[in-house]
Amino acid sequence: MYVMDVFIVNVALPAIRIDLAATPSEIQGIIVLYLIAMATLLITGGRLGDIYGARRVFLVGLVGFTVASLLCGLAMSGGMLVIARAAQGASAALMVPQVLATTHRLFQGADRGRAFGIYGVVLGVAAAAGMGLGGWLLALDIAGLGWRSIFVINVPIGIGLVAATLRLAPHMPRRPNVHLDVAGATTLFLALLCLLGPILVGQELEWPLWLLAVIGLGFLFSVLFWVIERGIARNGGLPLVQVDMLKQRPIALPFLAVLFFAFANIAFYFSVTQYMQSGLRYSPLQSGAAVVPLVLAFSVSSHLAGPRAQRIGPRAMIAGCAVQVAGLAVIALTVGMDLAPSPVAFAALLIPFGIGQGMVLSPLSNLALNKIHADHAGSGAGTLSTAQQIGNATGVSLVGALFFAVQAHHSDRMAMLAALGALAAAPAATACSLWLSIESAAPPQPLVAGAEDRSCEQAATGR
């Protein structure tokens, strides 16, 4: 549901922009504030799952997400919708880490790789459903709701998921006499907000000096967060993040790869959807349908990627990055030739990028979490998801700002070419991080998983 709500909105953005008279910053904010709210609270959500139990925290997030979805459907202005989307993102921050942490705790070795493969397929199906369903709902205009139906539909889905969670989700015992690191959670929230918020509004405000000062304040909060976490760990407490874990290159480099990979994830769909509707004049239904084959290709590729990565390690993901770059080059060639492909033809052009994404996402999540001890599964999953959402939010903000700036001064075609060039840098940087992780593979440190996971670790490092 949380993935669907990223992709389903892409198709509806032009309709929302007209109906609510939303500004470009509000249009970007509908996506970016959702991601920023997630990014600032994911680690906290993960640690809350460690303390109070993943099932309990997941349910709280699920109920909050459902209510926030209804508020999105009732929004009467762009600003109201952005605020409701932020509430959705904050609720998702409680849900998402529990999924990854529970998977990490329940499975070991090759079974864990297969489980993350299934996780990747679910993400792909959700994205396909979001793009396809968004266009379909807009075309049907059920009860005259228009774009509002893409949010209201979450209400019955959320109620059904609450019932399923109560019946099926495993119980995870809470950890007695352990409390949330409030100082760390607050400092991290302020750090991420100061670092990511200006990216959203910078272009519209023409980057005043005070906004750059806010970014500088974000870096200061980041340093303060590091100091707080180190102090809590030295005193025998439970910090929000085991910062020493992130100093270990075999753990830090896959997390960095996740950050780079996510940069070109949602930003790609954002740019492509804008180009299809404004440049190629596709309807919302045609735009949504054109992306479905890509996402289905992603699902199939993701299902096959886990076992392959278990056999040959990060090199399998590096190959996936190369496929992504090749896919972007094919799209750029078509756009540069100023062709006007049909929705079916354009859908075929998008498929290679989806295959490349599927080759990377699931194995990369497994590689990043594989060396983290089960006691820190929630915090590790939250940290991983935070890196992912920071990449997503930064990608949509920067690539979206580039797209709209070039579109305003030149054309939709030039805007799309500029966006594709920026997007291509992300899988290249991902591949570099993965290559460095191969070179820096080292014996496990105290915070890594136990001996029962070493066979999986050796497969993940390709050694």
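The values are calculated or read from the model by the stated rules, or taken from the named source; none is laboratory data. Because the structure is a prediction, the values reported are computed rather than measured. Please note: Cβ atoms are built from the backbone with ideal geometry, for glycine as well, and neighbour counts cover all protein chains shown.
Quick look at the numbers
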item	result
Residue in region 178-196 that is surrounded by the fewest Cβ atoms within 10 Å (Cβ to Cβ), counting only those that are touching a residue at least 24 places away in the same chain (Cβ under 8 Å) and more than 21 Å from the chain's Cα centre (by Cα)	His179
Selected residue [at pLDDT 80 or above, within 30 Å of Pro14 (Cβ to Cβ), outside any loop (DSSP other than H, G, I, E, B) and not charged (D, E, K, R)] from Ile232, Ile331, Ile318	Ile331
Any hit, region 36-52, residues being free of Cβ contacts under 8 Å to residues at least 60 places away in the same chain, in the same structural domain as Tyr282 (by TED's automatic domain parsing), touching a Gly at 6+ places or on another chain (Cβ under 8 Å) and not in a helix (DSSP H, G or I)	no
Region 34-77: number of residues that are under 23 Å from Gly160 (Cα atoms) and charged (D, E, K, R)	2
Test set (1) within 18 Å of the chain's Cα centre (by Cα); (2) among the small types (Gly, Ala, Ser); (3) surrounded by fewer than 24 Cβ atoms within 10 Å (Cβ to Cβ) - Ala262 fails condition number	(3)
Failed item in (1) out of contact with any Gly (no Cβ under 8 Å at 6 or more places or on another chain); (2) at positive phi, with Ala21 passing the rest	(1)
Residue satisfying condition, being over 18 Å from the mean Cα position of the chain (by Cα) and crowded, with 22+ Cβ neighbours inside 10 Å, within set Ala305, Ala267, Ala319	Ala305
